[in-house]
Amino acid sequence: MHTELAKKLGIEYPIFAFTHCRDVVAAVTNAGGIGVLGATGFNAEQLEVELNWIDERVGGKPYGVDVIIPTNYEGKGEQDPDKLLAIIKAAIPQGHRDFVQQLCEQHGLPHLATDKPVEERLSMTDATSTPLVDVALTHDNCKLIANALGTPPEHVIKQVQDSGRMIGALCGSAKHARYHVEAGLDFIVAMGGEGGGHCGEVSSIVLWPEVVKIAGDIPVIAAGGVGSGQQLAAALALGCEGTWSGSIWLTVAEAATSDAQKERMFSATSSDTVRSKSFTGKHVRMLKNKWTDAWEAENNPDPLGAPMQGMLTSDATRRMREYPAKSQDLFFSPVGQIVGTMNETIGAREKVMEMVHGYLDSTERLTSLLPDD
Ligand SMILES: Cc1cc2nc3c(=O)[nH]c(=O)nc-3n(C[C@H](O)[C@H](O)[C@H](O)COP(=O)(O)O)c2cc1C
């Protein structure tokens, strides 16, 4: 599995693990893959703490940091986070606020047990994400930056490349892959619509080779529905340089996922997810539930765009996180269709090794199919 990309990054296996959990980043990196920390939920100070923690545990091995700077969003161009916050808040209709409150009350979602007012925070914008990139680049072991929801701004691409790191971005269609190529990115993560989190419609088996062809010399990492070494072998067979998974790391032993959430994932089938705009304003694949159904219902409001919908629902998602057992009907649970095969908790290292063995089994099987002479 010594793909050019793996050699360039100095990793043993081209297994990229996207996760919001620092323990999983460290565990996968130490197992020979590479952990990529989703940084969007952190502010710059918090990210500094997380990366210091990881640095202390990976012994010089590489990891990545992922941010979300969408190509289009309300207020784009405004670099002052306070002004941007005011623009976004003003764009949220009262009817939507009332609908969210009703939904939470109807399902008995408790309020946060705190007297302190909850800080309204924006994420998924240029103004909030570029400080995260600044922090990541002060950490020597951070060898790559990835961006979701669009091609990163030119100044960020230059900043990362000038620092000697690689910068790439996710894409869910051929059109977006072309934008990434034009921008001169160092890698492209082609994510099929079966994947968890923000995703497009095109399935992995169609998208991966399509993007490989468009990307030319730029390495393509295959994402969306990868949970086994057999799928890793399929991705490499289709010309990709590695795989990038998110869902499977949600239920490993090191993940900070609550027990209630893990149980929901263990009992879900591959048909229990839906692409819904109801939490962030852009399509996210997640477990289908009463929340996603309510936003689909005919007489209810349609989700707002990004980042308004994310701001509108941020209090509800915090309450869900605080009371996972009391919010099973509503919980924001991004996960891909691979959830149907996620049935037990194993350690992250064990998962990496399981994928390596699965890959070897696949290649042996393919070799055995060749004629003897
Ligand atoms: C819980 C969850 C949160 C995610 N958040 C992000 C994110 O913040 N940034 C990002 O680039 N991708 C995010 N993704 C997508 C992953 O990077 C990855 O592309 C996707 O999980 C691959 O498909 P899979 O879920 O089938 O493995 C998220 C995925 C999940 C499951």
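Taken together, the values in this text are just the output of simple stated rules run on the coordinates, not laboratory data. Computed from a predicted model, the values in this text were never measured in an experiment. Neighbour counts run over all protein chains shown; Cβ positions are idealised from the backbone, glycine included.
Tabulated data for the structure shown
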read-out: Relative pair counts by distance (%), Cα atoms of the chain, 20 Å bins; value: 29, 60, 11, 0
read-out: Listed residues 196, 95, 246, most fluctuating in the chain (Gaussian network, C-alpha, under 10 Å); value: 95
read-out: CD proxy at 222 nm, helix term only [per DSSP H run n ≥ 4: -39500 (n - 2.57); per residue of the chain; nearest 500]; value: -12500 deg cm²/dmol
read-out: Gaussian network model of the chain, Cα within-10 Å springs - most flexible of 188, 145, 92; value: 92
read-out: Rh (Kirkwood; distinct C-alpha pairs) - the range 145-209, Å; value: 12.0
read-out: Kirkwood-Stokes translational diffusion coefficient of the range 185-295, alpha-carbon pairs, 20 °C, 1.002 mPa s, µm²/s; value: 143
read-out: Loop-exposed GluC sites (Glu not before Pro) per DSSP, neighbour cap 16 Cβ within 10 angstrom, longest uninterrupted part of the chain; value: 13-118
read-out: Computed label-point distance, nm, for sites residue 217 and residue 271 using a 7 Å Cα→Cβ extension; value: 4.8
read-out: Residue exposure sequence - 2, 180, 198 - by fewest surrounding Cβ within 10 Å; value: 2, 198, 180
read-out: Extension gain from residue 296 to residue 322, taking 0.36 nm per residue of separation minus the Cα-Cα distance; value: 6.8 nm
read-out: Förster radius 30 Å - calculated FRET efficiency between residue 46 and residue 86, Cβ distance, rounded to 0.05; value: 0.80
read-out: Fluctuation leader among 86, 268, 148 - the chain, Gaussian network, Cα springs under 10 angstrom; value: 86
read-out: Whichever lysines have a C-alpha closer than 19 Å to that of residue 76, once near sequence neighbours (fewer than 8 apart) are set aside; value: 89, 282
read-out: Sparse-neighbour loop sites [chymotrypsin sites (Phe, Trp or Tyr not before Pro); the range 170-257; at most 15 other C-beta within 10 Å; DSSP]; value: none
read-out: Stretchable slack from residue 369 to residue 140, in nm (0.36 nm times residue separation minus alpha-carbon distance); value: 77.9 nm
read-out: Only Lys, Arg (+1) and Asp, Glu (-1) charged, at Cβ; the chain dipole about Cα centre in debye; value: 300
